[in-house]
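Below is one structure, written out as structure tokens, with a few remarks after it.
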């Protein structure tokens, strides 16, 4: 991969990592589901007028929009609003890689490789430590919600597979039309009409700047550049670079919020991250080691 392409990938992962801090700040000023609704509304508009609808069944487009909007991001925003730290959220959301592998094995009969199983074991041990330690803010509800959000991300990955060769940017933009209304209705049910209306009419410049960042930079620009890199250089080279997202997420959260990490939380985070590394790169490492061991 050329240096320019690598730097673009780093910029995208930086945007995605910092986005968790922006989420934390945004849900402090407004109901979380409203923030998610505005994010997807901006991701869809005005881009939907310039990008063709992807060639895929309508049911799959709607299903993807609901899975990503309501489950993945709706639950994530609620978890962060309940108190889950931005850094921890950025790390736990990467568990989607394991959930995707498990769902693929269950639904598509794909074989789990030894390195994937070992990586899952390490990561789930780290999750157990995080859940049992009680050191994370937000308590058990936020922890469960972010795991469900990661599961929603995994389901959306399988939906992308079903979409075949459909344009990824078109999928992101057009599916963003699906979730704003359900998220807005959910905001009124969860937070009430008063706070929802107040946030819409009295939102600060900083709040709207954060929503614009999530909608345009994180969603349209981020996914657009990422999909272009994958199309040009292949998923095998580009996708593993997403492991930098929790690195930037943890660093930006620590710098902005002065987030302190207890020793047990550091150990748990290391277990999850090493598990991710083993899951993504373990097959290559084993492939290099095994031939050397033969006589």
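Taken together, the values in this text are just the output of simple stated rules run on the coordinates, not laboratory data. Quick caveat, the model's predicted, so the values are computed rather than measured. With ideal geometry, Cβ positions are generated from the backbone for all residues, glycine too; neighbour counts draw on all protein chains shown.
Fewest-first ordering of 168, 160 by other beta carbons within 10 Å of each residue's beta carbon gives 160, 168. By the beta-carbon count within 10 Å of each Cβ, the least crowded to most crowded order of 265, 24, fewest first, is 265, 24.
Working from label points 7 Å from Cα in the Cα-to-Cβ sense, the residue 189 to residue 257 distance is 2.7 nm.
Counting only alpha carbon atoms, the long axis of helix 263-293 and the longest principal axis of the chain meet at about 40°. Full extension of the chain between residue 161 and residue 128 yields a length gain of 8.8 nm, computed as 0.36 nm times the residue separation minus the alpha carbon distance. Dimensions of region 72-161 along the principal axes, based on C-alpha atoms and rounded to the nearest Å, stand at 37, 26, 17, largest first. Could you list log10 I(q)/I(0) for region 80-232 at q = 0.13, 0.19 Å⁻¹, which the Debye formula gives when each Cα is one point scatterer? Log10 I(q)/I(0), no solvent term: -0.84, -1.43. The length gained by stretching the chain between residue 58 and residue 221 to full extension, at 0.36 nm per residue less their Cα-Cα distance, is 56.3 nm. Among 228, 4, 161, the ranking by other beta carbons within 10 Å of each residue's beta carbon, starting with the fewest, stands as 4, 161, 228. For the chain, the share of alpha carbon pairs falling in successive 10 Å distance bins from zero is 6, 27, 36, 23, 6, 1, 0, 0 percent.
Packing here is the average count of other Cβ atoms within 10 Å per residue, and on that basis the peptides 206-217, 102-113, 184-195, 243-254, highest first, run 243-254, 206-217, 184-195, 102-113. Residue ranges 73-81, 219-227 sort as 73-81, 219-227 when ordered by packing (mean number of other C-beta atoms within 10 Å per residue, highest first).
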